[in-house]
1. Between their Cα atoms, which of 129/223; 3/178; 16/164; 123/223 are more than 32 Å away from each other?
2. Among the aspartates and glutamates, select those whose C-alpha is under 16 Å from the C-alpha of residue 73, and discard any that sit fewer than 8 residues away in the same chain.
3. Exactly which GluC sites (Glu not before Pro) in the stretch 161-259 are in a DSSP loop and have at most 16 other Cβ atoms within 10 Å?
4. Can you give the local net charge around residue 107? Use residues other than it whose beta-carbon is closer than 9 angstrom to its beta-carbon, Lys and Arg +1, Asp and Glu -1.
5. Figure the gain on full extension for residue 116 and residue 168 (residue separation times 0.36 nm, minus the Cα-Cα span) and round it to one decimal in nm.
6. Around residue 195, with a cut-off of 15 angstrom between Cβ atoms, what is the net charge of the other residues, counting Lys and Arg +1 and Asp and Glu -1?
7. Which shape class applies to the stretch 11-258: rounded if a/c is under 1.5, otherwise prolate when a/b exceeds b/c and oblate if not, where a ≥ b ≥ c are the square roots of the Cα gyration tensor eigenvalues?
Amino acid sequence: MTKYLFETNTNDREWKRLRMIEEAVDAETITLLERAGLDIGGRCLEIGAGAGSIVGWMAARVGSSGLVIAVDKKTTYLQRFQGGSVRVIEGDLKDVSLDHSVDLAHARYMLIHNADDGAPLAKIRSAVKPGGMVILEEPDFTAAAFLQPEGDAAVQRVNGAICKMFTDAGLDPAYGLKLPKKVEGAGFDLVHMESRMHLCAGESPIARVMAESAEVLREEYTKTGLATDEDIDHYVARAYDPRVWSVFYATVSVVAHRG
Ligand SMILES: C[S@@+](CC[C@H](N)C(=O)[O-])C[C@H]1O[C@@H](n2cnc3c(N)ncnc32)[C@H](O)[C@@H]1O
């Protein structure tokens, strides 16, 4: 089993970081979920649910006659949803038992953290009923190396370190780029694909998430040998400077049907 990169982060800090991710990208996720047409009484699955904003959104959407299953390796931040139409299950997706087939499954920034993505993708397929839908969203960190309006050498060293940290852990920093093909390979029919490069100013939610991740994973970044502490300080300072625009990563979102 792949160790989650943020596994040793303190609870307080990880909660705040996960909430920052939600603030940064929930609006786009919710647009995709709304288009998928989840209704009252629907059954859905949120995988790698993190701090749970999408679990809360799904629960409100399906109502008391529906079902929301929320799975995460760590459910500390999800316990507040347990009960009523929500079932919180702690464990690795590939090991947990899912008794109901669902109309819709969603995962965001979760597959990239799994070196063996075959088992989670197969599990997602088996959890979705025939004709049901999947929405998967994954990042591509290599985009940052190419799309820098005001890039400098230190920032590029940190972007290189982020990618090498993933590679050294047996993970793929360009996972998002391969997502459409992987979803098709797992037996789904693609309905829609979009990619967002997240060009954003310092202090914006995505910039703050990336600054916080850099602080938490500082040692992992420097261990790659590609970036120094000074480079990371510079990267973080820019992420809090509203005058500087950067691309920190891109997100690829795929909507697909289980045929
Ligand atoms: C980067 S966080 C994203 C959280 C949330 N999806 C979001 O975008 O706000 C990744 C989450 O996926 C969970 N995760 C990663 N691999 C998992 C697996 N194989 N089974 C269950 N949860 C997993 C982690 O514990 C973590 O909470």
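1. Numbers: 129/223 44 Å; 3/178 21 Å; 16/164 25 Å; 123/223 34 Å.
Table pairs above 32 Å Cα-Cα are 129/223; 123/223.
2. 7, 14, 46, 90, 92, 95, 116, 117
3. Working: sites: 184, 194, 203, 212, 215, 219, 220, 230; in loops: 203.
When the GluC sites (Glu not before Pro) of the stretch 161-259 are filtered for loop state and at most 16 Cβ neighbours within 10 Å, 203 remain.
4. Values: positive: 108; negative: 46, 137, 138.
With Lys, Arg at +1 and Asp, Glu at -1, the net is -2.
5. Gain on extension, residue 116 to residue 168, equals 17.3 nm.
6. On the way: positive: 108, 178, 181, 182, 196; negative: 28, 137, 138, 140, 194.
Its environment carries a net charge of 0.
7. Values: a/c = 1.91, a/b = 1.74, b/c = 1.10.
It comes out prolate by the Cα gyration axes.
Computed from the coordinates by the stated procedures, all read-outs in this text should not be read as laboratory data. Every value quoted in this text rests on a predicted model; they were computed, and no experiment measured them. Cβ atoms come from the backbone with ideal geometry, glycine included; neighbour counts cover every protein chain shown.
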